[in-house]
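The values are calculated or read from the model by the stated rules, or taken from the named source; none is laboratory data. Please read all numbers here as calculations on a predicted model, not as lab measurements. We place every Cβ from the backbone using ideal geometry, glycine too, and count neighbours over all the protein chains shown. Accessible surface areas use protein heavy atoms only, side chains included; no ligands, DNA or RNA. Shrake-Rupley method; radii C 1.70, N 1.55, O 1.52, S 1.80 Å.
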Amino acid sequence: MRFSASQASEIAVLLRSVAQAEILPRFRKLASGDIRMKSSPLDLVTEADEAAERVLTAALSARFPHAMIMGEEAAAADPAQLTRMLDAELCFIIDPVDGTANFAAGVPLFGVMLAAVHQGETIAGWIHDPMGDDTVIGLRGEGAWIETPAGARHDCRVAPPAPLSEMVGAISWSYLPAAQKAHLLPRLAQLAGTLNFRCAAHEYRLAVTGGLHALFYNRLMPWDHAAGVLIHAESGGYAAQFDGTAYSPRKHAGGLICVPDAAGWQALREALLGSA
């Protein structure tokens, strides 16, 4: 199965309309009861997440009646959806507000992420930036680009390969086990710089536009990574799990490193993880 560029653009329009109707009107206007903790203080949900997911789920179901639609919040309520996804012919995976902690705190770094997965393989990905009002789109085998509401397109490309001492990386270490965390943190000084936006949507966007070299994640829920890994690959990048195997939205553990090339992956993996 394939999506055409025009179909991908139509879905980008849908993401934008939902963001304008359900997310942006709630930004910096949430009451205390509109924000709730899920599994930990780092894992929040807001009224905007739930409303946007409901509308997106209904709209995608209407367009693709035979597809499975899995949203982050629905899967939190019914974790068995992650198992049902394994057998789905076509599954759309929604992160209605990626960067919920930022959104809840009034920080304008959040996005809407959507992936289309066909028989376990991501075939299309979208990362919509509600504040910047554009969408990164990737189609398997057809490249990745940023598209504006007016239809202008700008191709995405990862940064050129760089030695470890010149790499800038988005390093997400909060979900590492304590021993791995203690092992990794002192080693970050080997890089030129590190950051953590608390928002995979904007970290992937920065990587696929050449603004940083490396992404490092331990927690691998598909709504956070299925779209981004595809877009990164279609922008010329290289990604693999900590053990060197290929990423799949069916895998939810094992870590992930995304860099411009295989040599950079090996160097970063050795520098940060070593034999840990």
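A few points about this structure:
- For the set W126, W223, the ranking by accessible area, highest first and with no ligand, DNA or RNA atoms included, is W223, W126 under a 1.4 Å probe.
- The modelled label-to-label distance for the pair E121/V107, using points 7 Å beyond Cα in the direction of Cβ, is 3.7 nm.
- Projecting the Cα atoms of A62, A77, V107 onto the charge dipole of the range 11-125 (Cβ charges, centred on the Cα centre) puts V107 farthest toward the positive pole.
- Mean sequence separation of contacting Cα pairs (under 8 Å, at least six apart), scaled by the length of the chain, corresponds to a relative contact order of 16 percent.
- Taking 14 Å as the cut-off, the amide N atoms of the range 208-238 that come nearer than this to a point 7 Å along the Cα-to-beta-carbon line of A192 belong to 210-214.
- Most to least accessible of R219, R84 (protein chains only, probe 1.4 Å): R84, R219
- Residue-span extension gain [D78 to K38] - 0.36 nm each, minus C-alpha spacing: 13.1 nm
- With every protein chain in place, the range 57-99: carbon and sulfur % of accessible area (1.4 Å): 58
- Using a probe of 1.4 Å, the accessible surface attributed to S174 totals some 50 Å² when neighbouring protein chains are kept in position.
- Once the C-beta distance of A253 and Q20 is scaled by a Förster radius of 51 Å, the resulting FRET efficiency is 0.90 to the nearest 0.05.
- Euclidean distance between Cα centres, the range 253-276 to the range 181-244, Å: 10
- Most to least accessible of R63, R36 (protein chains only, probe 1.4 Å): R63, R36
- Here K251 is the anchor, and the lysines within straight C-alpha reach of less than 30 Å, apart from those fewer than 8 places off in the same chain, are K38, K181.
- Accessible surface of the range 196-276 [probe 1.4 Å, protein heavy atoms]: carbon and sulfur percent: 51
- The value given for the range 4-99 is a Kirkwood hydrodynamic radius of 14.4 Å, derived from the mean inverse Cα-Cα separation.
- Å² per residue, accessible surface of the chain at 1.4 Å: 41
- For the range 122-153 versus the range 68-84, the gap between their alpha-carbon centres in whole angstrom: 24
- Sequence-distant contacts, meaning Cα pairs under 8 Å at least 6 residues apart, place the relative contact order of the range 113-171 at 18 percent.
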